[in-house]
Amino acid sequence: MHQKNACAGGSSKQFGSNNALTSVQMSLFVLLWIGQALSGWAVHNQDMEELKQRALTFGQYLLPAHFWSATTENWEGEFLLMAAFMVMTVYLKQRGTAESNPYPEEETEEQRQRARRDIAVRGFWKRKTLTIVLLGLFLTSLLVHLNNSMRGFNHERLARGQDPLLLGEFLREPQFYFESAQNWQSEFLAVAAIMVLTIFLRQVGSSQSKALEDPDVKPSDG
């Protein structure tokens, strides 16, 4: 019995160790998502008060468009960025950055052998699974955002005594594109910044940083 408990404890400890990075990231995600929900609820009820509409309970707020439109607006930007970056790093390079594949003259023999083995693998789905899933998550988030953005937009129109818009009419309005573009541009800016900064700056111990002794740009690069 004691041995079984020890194994269970060891298994839990090993799981925590093996998944520490994901666990912390997901914990921060949940905490910030709750913070977004609570602050969004307060903002939404302030807007409803100005429009002479009744305030919503927290549970009611989680169902209508405002919360899910704001949430999926951000998710779509993240998944678009990751999918686009995944594809771009296959074909494009940036000298000196820790985020790019090496140029041919910088590759080690081990990297060349791995590339040859990967190219020899057959099957589109097996070779492109990560990008396909990320694009699927992006499109799902985009459609959920579009639906909830239109619902929220029409809710405000009804509160002002105006008729709601159909999908085709809503797509001619700037609202949805404004919401998406303001998020997408920040995502690509952030990645461009990390690409350039990892050329010149270091963080000891991070897998996203070059080693301290690595030059900013290798002599053979010039």
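FYI, it's all coordinate maths here, none of it is from the lab. Quick caveat, the model's predicted, so the values are computed rather than measured. Using ideal geometry, Cβ is built from the backbone for each residue, glycine included, and neighbour counts are taken over all protein chains shown.
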Take the residues in segment 172-189 that are out of contact with any helix residue (DSSP H, G or I) (no Cβ under 6 Å at 6 or more places or on another chain) and either in contact (Cβ under 8 Å) with a residue 24 or more places away in the chain or in a loop (DSSP other than H, G, I, E, B) (or both); name whichever of them is surrounded by the most Cβ atoms within 10 Å (Cβ to Cβ). Ser180
Among Gly35, Gly40, Gly16, Gly77, which is the only one that is in contact with a Phe, Trp or Tyr (Cβ under 8 Å, 6 or more places away or on another chain) and without any contact (Cβ under 8 Å) to a residue 40 or more places away in the chain? Gly40
Scan segment 49-94 residue by residue and report those that are among the polar types (S, T, N, Q) and within 21 Å of the chain's Cα centre (by Cα). Ser69, Thr71, Thr72, Asn74, Thr89
Can you run down the residue pairs with Cβ atoms below 7 Å, 6 or more apart or on separate chains, where the first is in segment 44-62 and under 15 Å from Arg157 (Cα atoms) and the partner is in a helix (DSSP H, G or I) and small (Gly, Ala, Ser)? Leu51/Ala159; Gln53/Ala159
